[in-house]
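Colleague: So that we are looking at the same thing, I have put the structure below in structure tokens.
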Amino acid sequence: MKILGIDIGGSGIKGALVDMKKGRLATKRVRIPTPTPSTPQAVGDVVRQIVAEFDYSGPLGVGFPAAIIGGVVKTAANVDDAWIGYEAERKLSKATGSAVTFINDADAAGLAEMRFGAGQGQDGVVFVFTLGTGIGSSLYSDGVLVPNTELGHLFLPGQTQDAEHRAAERVRSAERLSWEAWAARLDEYLHHVYGLFWPDLIILGGGVSKKHEKFIPHLTVPTAVVPARLRNEAGIVGAALAAAEARPGD
Ligand code: BGC
């Protein structure tokens, strides 16, 4: 059973067929730069292009960097504001002819990690954070997702900007921070989250998680912190999982 998963990010839109038994990509990943401006129309065209490239029909899962409720996009932090209020599932289902499931990108990555990666069999309170253009958060209680947590937008005490504007991976490269300096910012953020939610485990994902040995050893947050295992495939795998679970009969 293979389902097409698409991960829409601030810089790239990635898609692949996912082997739902193994939780792995069954094909090569297609990556198309996110159009500027990243309007629903322009991004929708790229989604249609990816569906056509795989000659795909069937349930389609899409991870998107926003809070999403009932298939409607509620926020727009790293994408065009025209997305706010957009009925993404309904409109994209019409445009692609597939039954589309929209899910927050970090929740998609988190679902994949919980099912197939570093969170397998983990009870208690687990956070998956994705470190990329922004900071995505995904919260689990005994394996059950609490969706749309949006904790990249927390303000740390004394700060006047969203935490993701100080501690996302994009900031590390834009400000040319050393691994230590960036890890210190991330650590400050994780301490704050720890003091609010008391997680038993924190899983750090996003493409940078493949360099985990450069920053995880610098973290002092007093709970278990491990790198994600599915790396930047998690978003695609999780989007496909969300589509499969939305329509279990397919
Ligand atoms: C968005 C989240 C998203 C995260 C990672 C944040 O700016 O608000 O919805 O999960 O970036 O892409």
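Colleague: From zero up to wherever the largest Cα-Cα distance of the chain sits, split into 10 Å bins and tell me the percent of pairs in each.
Modeller: With a bin width of 10 Å, the distribution comes to 8, 34, 37, 18, 3, 0.
Colleague: For ALA224, enumerate residues with amide H under 5 Å from its amide H, sequence gap 5+ or separate chain, H modeled in the peptide plane.
Modeller: ILE202
Colleague: Based solely on its DSSP helices, what 222 nm [θ] is calculated for the chain when runs of n ≥ 4 H residues each add -39,500 (n - 2.57) and the sum is averaged over all residues, nearest 500 deg cm²/dmol?
Modeller: After summing the helix terms and dividing by the residues of the chain, the value is -9500 deg cm²/dmol.
Colleague: Mind checking the angle between helix 40-53 and the chain's longest principal axis? C-alpha axes, 0 to 90 degrees, to the nearest 10.
Modeller: 70
Colleague: Using only Cα atoms and rounding to the nearest 10 degrees, what angle (0 to 90) does helix 234-246 make with the longest principal axis of the chain?
Modeller: It is inclined by approximately 50 degrees.
Colleague: Once the Cα atoms of helix 179-197 and of the chain are each reduced to a long axis, what angle between those two axes, in degrees from 0 to 90 to the nearest 10, is obtained?
Modeller: Tilt of helix 179-197: around 80 degrees.
Colleague: Please list the non-local residues whose amide H lies under 5 Å from the amide H of TYR86, H modeled 1.01 Å from N, same-chain partners needing a gap of 5 or more.
Modeller: Amide H neighbours of TYR86: VAL73.
Colleague: Now for a separate question. Which percent of Cα pairs goes in each bin when the distances of segment 189-250 are cut into 10 angstrom slices starting at zero?
Modeller: 20, 36, 29, 12, 2
Colleague: Remind me, what semi-axes does segment 89-166 give for its equivalent ellipsoid, largest first in whole Å, using sqrt of 5 times each Cα gyration tensor eigenvalue?
Modeller: Computed over segment 89-166, the values are 25, 20, 10 Å.
Colleague: Under a point spin-label approximation (7 Å from Cα along Cα-to-Cβ), what is the GLN120-ASP19 distance to one decimal in nm?
Modeller: Label at GLN120, label at ASP19, 1.4 nm between them.
Colleague: Once label points are set 7 Å from the Cα along Cα→Cβ at both ARG29 and GLU180, what is their separation, rounded to one decimal in nm?
Modeller: My value for the distance between the label points is 3.1 nm.
Colleague: OK, next. For segment 20-106, what does the convex hull of the Cα positions come to per residue, in cubic angstrom?
Modeller: 104
Colleague: Here is a follow-up. Compute the convex hull volume of the Cα atoms of segment 30-74, divide it by the residue count, and report the result per residue in Å³ as a whole number.
Modeller: It comes to 90 Å³ per residue, whole-number rounded.
Colleague: Taking the chain as a Gaussian network, where each spring joins two C-alpha atoms under 10 Å apart, which residue of GLY143, GLY195, GLY205 fluctuates the most?
Modeller: Taking springs between Cα atoms under 10 Å, the residue moving most is GLY195.
Colleague: Taking only the alpha carbons of segment 182-222, what extent do you get along each of the three principal axes, in Å, biggest first?
Modeller: Principal-axis extents of segment 182-222 (Cα, largest first): 27, 17, 13 Å.
Colleague: Please report, in cubic angstrom per residue, the volume enclosed by the convex hull of the alpha-carbon atoms of segment 58-198.
Modeller: Once divided by residue count, the hull of segment 58-198 is 130 Å³.
Colleague: Based on the alpha-carbon gyration tensor of segment 4-60 and its eigenvalue square roots a ≥ b ≥ c, which shape applies: rounded if a/c is under 1.5, prolate if not and a/b is larger than b/c, or oblate? Numbers along the way, then the final one.
Modeller: Working: a/c = 2.45, a/b = 1.77, b/c = 1.39.
Cα axes put segment 4-60 in the prolate bin.
Colleague: Can you tell me how much longer the chain between ARG48 and ILE216 gets when fully stretched, taken as 0.36 nm per residue apart minus their C-alpha distance, in nm with one decimal?
Modeller: Extending this stretch completely gives an extra 56.7 nm.
Colleague: What number comes out for accessible area per residue over the chain if the probe is 1.4 Å? Units Å², please.
Modeller: 43
Colleague: If you split all Cα-Cα distances of segment 132-250 into 10 Å bins from zero, what percentages do you get per bin, shortest first?
Modeller: Per 10 Å bin, starting at 0, the Cα pair percentages come out as 12, 43, 33, 9, 2.
Colleague: A follow-up question, please. Can you tell me how segment 146-206 classifies by the Cα gyration tensor, rounded, prolate or oblate, using a/c under 1.5 as the rounded cut?
Modeller: Working: a/c = 1.64, a/b = 1.45, b/c = 1.13.
Cα axes put segment 146-206 in the prolate bin.
Colleague: Name the longest site-free stretch of the chain, where the excluded sites are trypsin sites (Lys or Arg not before Pro) in a DSSP loop with no more than 13 other beta-carbon atoms within 10 Å.
Modeller: On the way: sites that count: LYS21, LYS22, LYS28, ARG176.
It works out to 29-175.
Colleague: In percent, what relative contact order does the chain have, based on Cα pairs under 8 Å that are 6 or more apart in sequence? Present the calculation step by step, with values, prior to reporting the outcome.
Modeller: Values: 557 pairs, mean separation 55.6, N = 250.
RCO, the chain: 22 percent.
The values are calculated or read from the model by the stated rules, or taken from the named source; none is laboratory data. This structure is a prediction, so every number in the text was calculated from the model and none was measured. Every residue, glycine as well, gets a Cβ built from its backbone with ideal geometry; the counts of neighbours run over all protein chains shown. Protein only, heavy atoms only, side chains kept; ligands, DNA and RNA dropped before computing areas. Shrake-Rupley method; radii C 1.70, N 1.55, O 1.52, S 1.80 Å.
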